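Asker: Quick one: the structure is below, questions incoming.
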Amino acid sequence: MGLRRYELLIGKKTLIIGGVGSGKTRLTAEILRGLMDRMGSLTLMDFAPGRGGVGLPLSSYINIGCVRPEGLHAPRIEGRDAEEVLRLARDNEEKIRPILISFLSKPTDALVINDLTIYLHSGDLELLLKCIDSSKTFIGNAYYGKDFDDKGSGLNERERFLVEKLMKMMDLVIKMS
């Protein structure tokens, strides 16, 4: 039997980027389905808020257990002004940070993160990179577009800057359109 196309991602750091509705989560689920029996121990984190018609959770495409904090927000959609956008982003970071720290105490062979930009809105890139580097295989997806009004909060600029930094540290970046 020949190699499946996704087996080439094993042992690599892969980031899937794109705008709203570009298929990032669907592709992540497809890759996960194709690799589940080949990745050894696996941790799946889902940070998609699933609010406002954006940020669909992986469970929309695949039936699998994952670490999914309750009450995550879509800051730019839910926030009424810059201050509230930033408050919601900080709330997300406070819910996600302990999950990332916990992962570092017992990393797995593979780490899959859906909608990692929800953490990056307010979180520390270095903590995320430590998690990524502690696994042999990383597959994640991140919003990378211009679909949202951040209401003057600076969230769009921060998100874009950190995603571009993260892209430079990956073995493979898949751009969805």
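Asker: Between their Cα atoms, which of Lys130/Lys151; Lys12/Lys95; Lys130/Lys168; Lys136/Lys165; Lys12/Lys106; Lys106/Lys136 are more than 24 Å away from each other?
Answerer: Too far apart for the 24 Å limit: Lys130/Lys151; Lys12/Lys95.
Asker: What does the convex hull of the Cα atoms of the chain come to per residue, in Å³, rounded to a whole number?
Answerer: 104
Asker: Still on this structure: Helix 24-35 versus the longest principal axis of the chain: what angle, 0 to 90°, nearest 10, using Cα atoms?
Answerer: 20
Asker: Among 155-168, 17-30, what's the highest-first ranking by average C-beta atoms within 10 angstrom per residue?
Answerer: 17-30, 155-168
Asker: Next question. With 10 angstrom as the radius, rank Cys131, Cys66 by how many other C-beta atoms surround their C-beta, starting from the fewest.
Answerer: Cys66, Cys131
Asker: With just the Cα atoms of the stretch 17-94, tell me how far they stretch along each of the three principal axes, in Å, largest first.
Answerer: The principal-axis extents, from largest down, are 45, 26, 19 Å.
Asker: A follow-up question, please. Distance from the Cα centre of the stretch 122-156 to that of the stretch 19-81, in angstrom?
Answerer: Value for the Cα centre distance between the two parts: 13 Å.
Asker: What length, rounded to one decimal in nm, is gained on full extension from Glu7 through to Glu164, with 0.36 nm per residue of separation minus their alpha-carbon distance?
Answerer: 54.0 nm
Since every read-out is calculated from the coordinates, none of them should be taken as a lab result. Everything numeric here is computed off the predicted structure, so don't read it as measured data. Counting neighbours? That spans all protein chains shown, and the Cβs are built from the backbone with ideal geometry, glycine included.
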